Amino acid sequence: MLRGECTPHGAGIRLSGDYYDFHRLHETIHYLVGEDSDMQEFVLGLAYEVRKAKSGQREIVMKGSDDEPSTYYSVDILWPEFLAQVSMLRNLASFKPTDSSIQSDLYRLEACIENALNEHDSNISQKVMGWVK
């Protein structure tokens, strides 16, 4: 399951998850952005970070063991960039047919933002979530 928490100084979000979480999110981003979007390069920056995380080129949070073979990865993204990218993805989803898998990825990203901000500063969380949605 995809998780979000603030980076140590609160400048960004640390997204954590296993290979399949990041793989599905990567596919969702590419589907929503498509080929002819004006926002393509900016939003695909998130897809780039997600792809690097799932391949283990960012931070490995927990290495799997024999009992539990899952390996968890994480990537740090600054708040201004991440909030704009998630907001743009939600906007792009309103122009394309989406299924429950795509909607769940978008809701999961929004939940990661809300949880991370609530842990850091609950006063800011409400304002930011109003802007993102």
_Of LEU78, LEU25, LEU109, the one that fluctuates the most in a GNM where the chain has Cα springs shorter than 10 Å_ = LEU78
*Any idea of ASP105's accessible area? Nearest 10 Å², probe 1.4 Å.*
10 Å²
*Could you give the size of the charge dipole of the chain about its Cα centre, using +1 on the Cβ of each K and R and -1 on the Cβ of each D and E, expressed in debye and rounded to the nearest 20?*
160 debye
*the range 91-130 - Debye-derived log10 I(q)/I(0), Cα point model, q = 0.28, 0.29 Å⁻¹*: -0.87, -0.90
*Roughly how many nanometres apart are two label points built 7 Å out from the Cα toward the Cβ at SER55 and HIS9?*
2.9 nm
_Mean separation of Cα contacts under 8 Å (6+ apart) over length of the chain, as relative contact order %_ = 31 percent
*Which shape class, rounded, prolate or oblate, goes with the chain when its Cα gyration tensor gives a ≥ b ≥ c as root eigenvalues, a/c under 1.5 marks rounded, and past that a/b bigger than b/c marks prolate?*
oblate
*asked:* Using a 1.4 angstrom probe on the protein heavy atoms only, could you order TYR73, TYR19 from most to least accessible area?
replied: TYR19, TYR73
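Which net charge results for the neighbourhood of SER104, defined as the other residues with beta-carbon distances under 12 angstrom from its beta-carbon, given Lys and Arg at +1 and Asp and Glu at -1?
Spelling it out: positives minus negatives among the neighbours equals -2.
The values are calculated or read from the model by the stated rules, or taken from the named source; none is laboratory data. Everything numeric in this text was worked out from a predicted model, so none of it was measured. Every residue, glycine as well, gets a Cβ built from its backbone with ideal geometry; the counts of neighbours run over all protein chains shown. To get the accessible areas, we keep the full protein, side chains included, count just its heavy atoms, and leave off ligands, DNA and RNA. Shrake-Rupley method; radii C 1.70, N 1.55, O 1.52, S 1.80 Å.
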